[in-house]
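Q: Dropping a structure here in structure tokens format, bear with me for questions.
Any read-out appearing in this document is the output of simple, stated calculations on the displayed coordinates, not a laboratory observation. Here the structure is a predicted model, which means the values were calculated and not measured. Counting neighbours? That spans all protein chains shown, and the Cβs are built from the backbone with ideal geometry, glycine included.
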Amino acid sequence: MPYSFYLDSDNHIVLARFTGRVTDEVFAEFFRVGGRRGFASLQFRGAIVDFSEVTSFEVSPATVRTLAWEPPIDADASRLRIIVAPEAHIFGTFRIFASQGEDTRPNLHVVRSLEHAYVILGAVDPKFEPVAEPPAA
């Protein structure tokens, strides 16, 4: 699977990390299935989706817009959500996502580094532990 889940239980932050090749299908699966299963069972105050280790990003703007219009993975709009996108084309794609979904994701930030995400979340010395594959919903 090109994404995995982690939890920093001290700071109450969940992290989804993508690696390798990310396609329309992979991102849609994460958004519609994997993300919901991964986040739903965890107690957290903020979430990071990290694209720092992506080697190929093949997600179309049309897919991003479509998914931005769907209900968010986490229904609690008050939680901070951060997308880490160091590469310019990934960053731009997720700025589209943020602008298209701003009504349902008012606390979504798109940043270029994990360090910036930690500052926004007020995370102190984050230590992420892998989360076992969650059961199917």
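Q: Counting alpha carbon pairs within less than 8 Å and at least 6 residues apart, what relative contact order, in whole percent, applies to the chain?
A: On the way: 241 pairs, mean separation 40.4, N = 137.
Value for the chain: 29 percent.
Q: About its Cα centre, how strong a charge dipole does the range 3-122 have in debye, to the nearest 20, once Lys and Arg get +1 and Asp and Glu get -1 at the Cβ? Intermediate values should be presented prior to the final figure.
A: On the way: 12 positive and 15 negative charges, 28 e Å.
The dipole magnitude comes to about 140 debye.
Q: Using 0.36 nm per residue, how much length does the chain from residue 29 to residue 58 gain when fully extended, once their Cα-Cα distance is taken away?
A: 9.0 nm
Q: Mind checking the full-extension length gain between residue 10 and residue 119? Use 0.36 nm per residue of separation minus the Cα-Cα distance, one decimal, nm.
A: Length gained, residue 10 through residue 119: 37.7 nm.
Q: Measure off 7 Å from each Cα along the Cα-to-Cβ vector at residue 77 and residue 91, then give the distance between these two points in nanometres to one decimal.
A: The two pseudo-label positions are separated by 2.8 nm.
Q: Something else: If you filter the range 1-108 for trypsin sites (Lys or Arg not before Pro), then keep DSSP loop positions with at most 15 other Cβ within 10 Å, what is left?
A: Those satisfying the criteria are 45.
Q: If you don't mind, there's one more thing I want to ask. What does the highest-first list of 99-106, 6-13 look like by mean Cβ count within 10 Å?
A: On the way: 99-106: 14.2, 6-13: 17.6.
Top of the packing list down: 6-13, 99-106.
Q: Rounded to the nearest 500, what is the 222 nm mean residue ellipticity of the chain from helices alone, with -39500 (n - 2.57) per DSSP H run of 4+ residues and division by all residues?
A: Values: 5 runs with 41 residues, N = 137.
Calculated at 222 nm, the ellipticity per residue is -8000 deg cm²/dmol.
Q: To the nearest 0.05, how large is the calculated FRET efficiency for residue 129 and residue 102 if R₀ is 22 Å and r is the Cβ-Cβ distance?
A: The formula returns an efficiency of 0.10 here.
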